[in-house]
Amino acid sequence: MDFKGQVAVEYMILFFISIIIITTISMPLAIDEVDQIGDIKKTMEVKMFLSNIADNVDVIYNNNDNIKVISIKSPGNITVSYRNTTNRHYIYSYVTLSNGSRKRVDVEVPCHVSFMNNPSYTYTRLYSNRNYYSSEIKCIDDENSSGCNVNIYFK
């Protein structure tokens, strides 16, 4: 083999070694970043969904309106729940991340929230990418508390 052929072989070997390095080191890092971006996207979709509901609950509670009808789209198969912690009210849901762990997404609301026209229901299950047209957010009276509690009926 002459000198030019030897240089060409050395460049080919160098090229293949660099391809191996790129695929074994750089590609897994890029894939991890894509998974993290997907997790952020799912979390923000659920956060926006809950914020939309919380904004409408706030309107009902603060304006003493009896009922508000909204149309809303579920960001996925989620369970929307209510909890009360140290006199602060929250609606929340869990998001399953790409690594299998779960993250709770909370949004504060001004009052007690129940679901499906039953004051004792503190959670409801929503289905993936379904539009809930004519969903009702309404004030219900509760003899155990002062003011209005809000019920959310997805339909």
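Things to note:
- Cross-link pairs beyond the 24 Å C-alpha cut-off, checked among K73/K103; K68/K155; K103/K155; K42/K68; K68/K103: K103/K155; K42/K68; K68/K103
- The chain - accessible surface per residue (Å², probe 1.4 Å): 65 Å²
- Taking the protein heavy atoms of the chain in the context of the full set of protein chains, the accessible area attributed to carbon and sulfur is 56 percent at 1.4 Å.
- Mean ellipticity per residue at 222 nm, deg cm²/dmol - from DSSP H runs of n ≥ 4 across the chain, formula -39500 (n - 2.57): -13000 deg cm²/dmol
- Cα gyration tensor category, rounded, prolate or oblate, for segment 71-155 with a/c compared to 1.5: oblate
- Among L50, L29, L14: highest mean-square fluctuation, GNM of the chain, C-alpha pairs under 10 Å: L14
- The gain in end-to-end length when the I67 to K47 segment is fully stretched comes to 4.9 nm, 0.36 nm per residue minus the alpha carbon separation.
- Counting Lys and Arg as +1 and Asp and Glu as -1 over every other residue whose Cβ lies under 11 Å from the Cβ of K138, the net charge comes to -2.
- Counting only cysteine Cβ atoms and a cutoff under 4.7 Å, the chain contains unmatched residues C111.
- Gaussian network model of the chain, Cα within-10 Å springs - most flexible of I21, I67, I140: I21
The values are calculated or read from the model by the stated rules, or taken from the named source; none is laboratory data. Everything numeric in this text was worked out from a predicted model, so none of it was measured. Backbone-built Cβ (ideal geometry, glycine too); neighbour counts: all protein chains shown. Just the protein is used for accessible areas: all its heavy atoms, side chains included, with ligands, DNA and RNA removed. Shrake-Rupley method; radii C 1.70, N 1.55, O 1.52, S 1.80 Å.
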